[in-house]
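Asks: Have a look at the structure that comes next, please.
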Amino acid sequence: MEPLLRLVTAVGSVFVCVIPERYRRWWPIRNEAELRGPAIASGILETLIGAPGPALYFAIALDAARSGLGISGLILNPYLFLVFVFFEGLFRLLAALASAQILPTLPLQIIAWIHAARDKAAASKLGTLIADRVEKAEGKSYDLRVLSCRSKDHWNTFNTIHFDGEFYQLLREETAGARQFEYFLRRNPATRLLVVVYEYRPDDVLNPSVPPRRWKP
């Protein structure tokens, strides 16, 4: 089963590479060195999809010019999208080959830039960065309560959190109080598989520019 899982992950990575880094944190492969091969394949695939675009685009534009439609053949050309796909795929391919850069598709990257700008503006209203407070619980539905001044977007019920030598699963999250964000975790059930595991320290929040760390056994 493991070879099949590796194959599925490798094929999936080809398509995941078009997603900006902040939106693909759930994917098992996050290391850019490991994603270089899939990024090259992704660039090649996108280039091949868009390859007919330039020829078809200029053919339509030339016909429009001969018909006296002027620049409308350049702007209202139905193959303009394929031209974009071709050159974007080529650019992403060269970036992966030359400098191992994993470049996402531009429309999604624009959304990520807008999202980052909104996060930056929102963060300025949340106050000073302070380390998380972790409270252990007994006799409750959860085992840990984490209070943080910032949201942990990479935590969800499908991932696993490794803290203080133990594994935890996120039960729920709430937004309230001076620290804004509360997370309730329980110890990972023995029957639950460990697929994507993040290493956690209460002072991680003090370095927001550092991406989440994957736990390594």
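Each value in this text was obtained by applying a stated rule to the coordinates, not by laboratory testing. The shown structure was predicted, so the numbers you read here are calculated from the model rather than taken from an experiment. As a convention, Cβ positions derive from the backbone with ideal geometry for all residues, glycine included, and neighbour counts pool all protein chains shown.
Asks: Summing Lys, Arg as +1 and Asp, Glu as -1, what charge do residues with Cβ under 12 Å from the Cβ of residue 47 carry, residue 47 excluded?
Replies: Working: positive: 92; negative: 46, 88.
Local charge sum for residue 47: -1.
Asks: Moving on. Between residue 51 and residue 2, what length comes free when the chain is fully extended (0.36 nm per residue of separation minus the Cα-Cα distance, one decimal in nm)?
Replies: Roughly 14.1 nm would be gained on extension.
Asks: Give the relative contact order (percent, whole number) for the chain; include only Cα pairs under 8 Å separated by 6+ residues.
Replies: Averaging sequence separation for qualifying contacts and normalising by length gives 16 percent for the chain.
Asks: Subtract the Cα-Cα distance of residue 174 and residue 27 from 0.36 nm times their separation in residues, and report this length gain in nm to one decimal. Numbers along the way, then the final one.
Replies: Numbers: separation 147, 0.36 × 147 = 52.92 nm, distance 2.44 nm.
Once the chain is fully extended between residue 174 and residue 27, it gains 50.5 nm.
Asks: In nm, what is the difference between 0.36 nm times the number of residues separating residue 140 and residue 80 and their Cα-Cα distance? Intermediate values should be presented prior to the final figure.
Replies: Numbers: separation 60, 0.36 × 60 = 21.60 nm, distance 5.89 nm.
Full extension of this stretch gives 15.7 nm more.
Asks: Mind checking the range 126-211 for trypsin sites (Lys or Arg not before Pro) that DSSP puts in a loop (not H, G, I, E or B) and that have at most 14 other Cβ atoms within 10 Å?
Replies: Taking the range 126-211 and a limit of 14 other Cβ atoms within 10 Å, the loop trypsin sites (Lys or Arg not before Pro) found are 140, 192.
Asks: For the chain, I need the span (max minus min coordinate) of the C-alpha atoms along each principal axis, in Å, sorted largest to smallest.
Replies: 80, 47, 29
Asks: Quick one: Karplus J couplings for the range 200-217, per residue in order, coefficients 6.51, -1.76, 1.60, θ = phi - 60°, nearest Hz, x for Gly and Pro?
Replies: 10, 9, x, 8, 4, 5, 6, 10, x, 7, 7, x, x, 8, 7, 6, 10, x
Asks: Given only helices, namely DSSP H runs of n ≥ 4 each adding -39500 (n - 2.57), what is the per-residue ellipticity at 222 nm of the chain, to the nearest 500 deg cm²/dmol? Don't skip to the end; give the middle numbers.
Replies: Details: 6 runs with 91 residues, N = 217.
That calculation yields -14000 deg cm²/dmol at 222 nm.
Asks: DSSP loop GluC sites (Glu not before Pro) in the range 68-169 with at most 12 other Cβ atoms within 10 Å of their Cβ, which ones?
Replies: Details: sites: 88, 135, 138, 166; in loops: 138.
Hits after loop and neighbour filter: 138.
Asks: Over the Cα atoms of the range 133-214, Rg to Rh with Kirkwood Rh, two decimal places?
Replies: Values: Rg = 12.2 Å, Rh = 13.1 Å.
That ratio equals 0.93.
Asks: Kindly write out, for the range 102-115 in residue order, the coupling ³J(HN,Hα) from the Karplus curve 6.51 cos²θ - 1.76 cosθ + 1.60 (θ = phi - 60°), rounded to whole Hz, with x marking Gly and Pro.
Replies: My calculation for the range 102-115 gives 9, 8, x, 5, 4, x, 5, 5, 4, 4, 5, 5, 5, 4 Hz in order.
Asks: Looking at the range 105-202, which chymotrypsin sites (Phe, Trp or Tyr not before Pro) are in a loop (DSSP not H, G, I, E or B) and have at most 12 other Cβ atoms within 10 Å? Before the final figure, lay out each step's value.
Replies: On the way: sites: 113, 142, 155, 158, 163, 167, 168, 181, 183, 184, 198, 200; in loops: 142, 155, 158, 200.
Those satisfying the criteria are 158.
Asks: How big is D, in µm² s⁻¹, for the range 2-117 by Stokes-Einstein at 10 °C and 1.306 mPa s if Rh is the Kirkwood radius over C-alpha pairs?
Replies: 101 µm²/s
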